[in-house]
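> Just passing along the structure, written as structure tokens.
The values are calculated or read from the model by the stated rules, or taken from the named source; none is laboratory data. In this text, all values refer to a predicted model and were calculated from it rather than measured experimentally. Here the Cβ positions follow ideal geometry from the backbone for every residue, glycine too, while neighbour counts run over all protein chains shown. Heavy atoms of the whole protein, side chains included, go into the accessibility calculation; ligands, DNA and RNA do not. Shrake-Rupley method; radii C 1.70, N 1.55, O 1.52, S 1.80 Å.
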Amino acid sequence: MNHYVIGIDIGGTNIKIGLVDKKGFVRARGHLSTKHFIHSKTKLIEAIVLGCQDILKKYGIKKSQVSGIGIGLPGLVNTKKSLVYSLTNIPGWKNVPLKKIIEKEIKIPTFIDNDVNVMTLAEWKYGAGRGMKNMVCITIGTGLGGGLVINNQLYRGEGFAAGELGHIPINEKGQKCNCGGWGCLETYAGNRYLNVRAKNIFHKKITLEEITCKASLGEKKAIVFWKEVAEHIGNGLTGVVNVLNPSCIVIGGGIAKAHQHMFQIIRLTIKKRAMHVQGKMVRIVKSRLGSDAGIIGTRVLVKEMLGKNG
Ligand SMILES: [Zn+2]
């Protein structure tokens, strides 16, 4: 597959779009804020179509030079039937045949998947998990998402909902979680929880970036703040390590910015708690592709899907 792939990463506030070459480099990019029309399904689809047309026109690329379009979406996506079942925090999407709609407009083969799956594919083929047969990817931001590569294949699960690492229950009596459960890892390491906790500890409104800065300057309270978060993440990941025995766990998302205050503690927690074989083998690494992963991974998705279809 020598041609370009148009990669599209749909987020809650913007659409990122890029032209990915065969080495996984983003050759051209577009960016679109969706904050004025995120609630309109029709307008969001129109924006995707326009975004594709614009990038082809702007960089003088012919459709014959493009192998496919790959789209990552923040929600539940049936990659087999190419249906968007639902999107998190974006209303109005129910069983939307997005592949069919885009292909009708642009006439380029289109494939869709969950955004964290796409990010996992990127880190696995081009990033920090390159060459790994069994790896786990976790992204920590507002929510806590995950992707699983098992035996050299992305594992999507029976209902395309696998990899929800944020909803590993770590406390039987913990607080209620967005997913309907309680005591999930996300309620200990997601931004929403961390912001509340930060306010309680520092007795004022403070951003997570500010806490990272304070920790870098050696302020004890800030160091302890990240240490506790890291221990929670380490506890949750210990379960993943024991069950899946991966060779590495790639950690990305906004929280990776505080990596120097957390990664060593995550490693130590896993080492202390995990079973011997699994704990010894696993490496904890920072994602390498950052926010481009959602675009780059679409190339891997398109390749996988074209391979399956013929
Ligand atoms: Zn949950």
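> What number goes with the only condition from (1) part of a strand (DSSP E or B); (2) at pLDDT below 95 that Val84 does not pass?
It fails just one condition, (2).
> Please state which one of Ile168, Ile106 is touching a residue at least 40 places away in the same chain (Cβ under 8 Å), surrounded by fewer than 24 Cβ atoms within 10 Å (Cβ to Cβ) and within 18 Å of the chain's Cα centre (by Cα).
When all the criteria are applied, what remains is Ile168.
> If you don't mind, another one. Looking at the stretch 61-75, which of its residues are open to solvent by 60 Å² or more (accessible area, probe 1.4 Å) and either closer than 12 Å to Gly18 by Cα or outside any helix (DSSP H, G or I) (or both)?
Lys62
> Condition check: on the phi < 0 side of the Ramachandran plot, out of contact with any helix residue (DSSP H, G or I) (no Cβ under 6 Å at 6 or more places or on another chain) and modelled with pLDDT of 95 or more. Does Val241 satisfy that?
Taking the combined requirement at face value, the residue does not satisfy it.
> Is there any pair with a first residue in the stretch 172-199 that is farther than 15 Å from Gly143 by Cβ and near the ligand (Cβ under 9 Å from one of its atoms) and a second that is open to solvent by 50 Å² or more (accessible area, probe 1.4 Å) and in a loop (DSSP other than H, G, I, E, B) whose Cβ atoms are under 8 Å apart and which are 6 or more apart or on different chains, and what are they?
Trp182/Asn171; Trp182/Lys173; Trp182/Gln175; Gly183/Ile170; Gly183/Asn171; Gly183/Glu172; Gly183/Lys173; Gly183/Gln175
> Something else about it: Just checking, which of Ile138, Ile106, Ile102 is at pLDDT 95 or above, β-branched (Val, Ile, Thr), over 24 Å from Arg283 (Cβ atoms) and in contact with a strand residue (DSSP E or B) (Cβ under 6 Å, 6 or more places away or on another chain)?
That would be Ile102, the only listed residue that is at pLDDT 95 or above, β-branched (Val, Ile, Thr), over 24 Å from Arg283 (Cβ atoms) and in contact with a strand residue (DSSP E or B) (Cβ under 6 Å, 6 or more places away or on another chain).
> Given the criteria surrounded by fewer than 24 Cβ atoms within 10 Å (Cβ to Cβ), touching a residue at least 60 places away in the same chain (Cβ under 8 Å) and among the hydrophobic types (A, V, I, L, M, F, W, C), does Met132 qualify?
yes
> Looking at Gly131, Gly146, Gly127, Gly166, which one is farther than 16 Å from Gly234 by Cα and modelled with pLDDT of 95 or more?
Checking each option against the conditions leaves just Gly127.
> Only one residue in Thr269, Thr212, Thr238, Thr207 is of a type in the set (S, T, N, Q) and in contact with a Phe, Trp or Tyr (Cβ under 9 Å, 6 or more places away or on another chain), so which one is that?
Among Thr269, Thr212, Thr238, Thr207, only Thr212 is of a type in the set (S, T, N, Q) and in contact with a Phe, Trp or Tyr (Cβ under 9 Å, 6 or more places away or on another chain).
> Something else now. Considering only residues that are hydrophobic (A, V, I, L, M, F, W, C) and open to solvent by less than 50 Å² (accessible area, probe 1.4 Å), which ones fall in the stretch 210-228?
Passing the criteria: Ile211, Ala215, Ala222, Phe225, Trp226.
> Looking at the stretch 228-242, I want the residues that are β-branched (Val, Ile, Thr) and have a partner that is open to solvent by 40 Å² or more (accessible area, probe 1.4 Å) and in a helix (DSSP H, G or I) with Cβ atoms under 7 Å, at least 6 apart or on another chain. Which pairs are those?
Filtered contacts from the stretch 228-242: Thr238/Arg273.
> Same structure, new question: Identify, from the list Glu219, Glu228, the residue that is closer than 21 Å to Thr187 by Cβ, over 22 Å from the mean Cα position of the chain (by Cα) and not β-branched (Val, Ile, Thr).
Going through Glu219, Glu228 in turn, the sole match is Glu228.
> Would it be correct to say that Leu165 is more than 11 Å from the ligand (Cβ to nearest atom) and hydrophobic (A, V, I, L, M, F, W, C)?
No; evaluated as a whole, the condition is false for this residue.
> Another one. Cβ-Cβ below 7 Å, separation at least six or inter-chain, first residue in the stretch 1-18 and in a strand (DSSP E or B), second among the hydrophobic types (A, V, I, L, M, F, W, C) and open to solvent by 40 Å² or more (accessible area, probe 1.4 Å): which pairs?
Asn14/Leu32; Ile15/Leu32
> Related question: Just to be sure I understand, how many residues within the stretch 239-271 are of a type in the set (A, V, I, L, M, F, W, C), open to solvent by 60 Å² or more (accessible area, probe 1.4 Å) and over 13 Å from Leu148 (Cβ atoms)?
Of the residues in that region, 1 qualify.
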